[in-house]
């Protein structure tokens with residue numbers, strides 16, 4: 001496991017960040033974003049969007065990380081990197097889905113166990129590893 005994926009798992013397991021927070025916050029320093037801001041903005045994204053079971057929070061954190069790293073950040077030319085970012089998001093989604101069968105929290109096979117669930121820990125680890133590989 002890479003350094004940033006390790007950090008994401010630590011934030012999820014030891015610090016109690018939700019799955020989305022854990023992934024994006026592991027990459028904040030690397031990409032010049034305040035971790036506190038990312039932490040606050042993604043508070044409602046865990047457990048499949050606030051517990052709705054929709055898109056996995058770790059996946060959302062992965063998509064946010066790719067966007068943060070890939071965007072030109074030019075608000076006067078917002079389309080400059082958009083299509084490339086979309087392509088990267090689709091590639092990452094495919095890689096995640098290959099490992100977990102789905103992008104939706106409610107459809108990802110779960111394991112019994114204490115919180116946080118082992119399956120959720122793997123989602124955080126895999127999402128962060130995909131980001132590391134794609135951005136490496």
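On a full-extension model of 0.36 nm per residue, what is the gain between residue 30 and residue 93, subtracting their alpha-carbon distance, rounded to one decimal in nm? Walk me through the numbers before you get to the answer.
On the way: separation 63, 0.36 × 63 = 22.68 nm, distance 2.18 nm.
That works out to 20.5 nm of additional length.
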Anisotropy class of the chain from Cα gyration tensor, a/c 1.5 cut: prolate
log₁₀ of I(q)/I(0) at q = 0.11, 0.26, 0.27 Å⁻¹ - the range 54-126, Debye sum with one point per alpha carbon: -0.33, -1.14, -1.20
Where labels lie 7 Å past Cα in the beta-carbon direction, separation of residue 1 and residue 102 in nm: 2.4 nm
Choice from 99, 79, 88 showing the highest fluctuation, given a GNM over the chain with Cα pairs closer than 10 Å: 79
Residue 114-residue 54 FRET efficiency (beta carbon distance; Förster radius 30 Å; 0.05 resolution): 0.80
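Given only helices, namely DSSP H runs of n ≥ 4 each adding -39500 (n - 2.57), what is the per-residue ellipticity at 222 nm of the chain, to the nearest 500 deg cm²/dmol?
My calculation for the chain gives -18500 deg cm²/dmol from helical runs alone.
Only the coordinates and a few stated rules stand behind these numbers; no lab work does. Just so you know, these numbers come straight off a predicted model, no measurement behind them. Cβ: placed from backbone, ideal geometry, glycine included. Neighbour counts: every protein chain shown.
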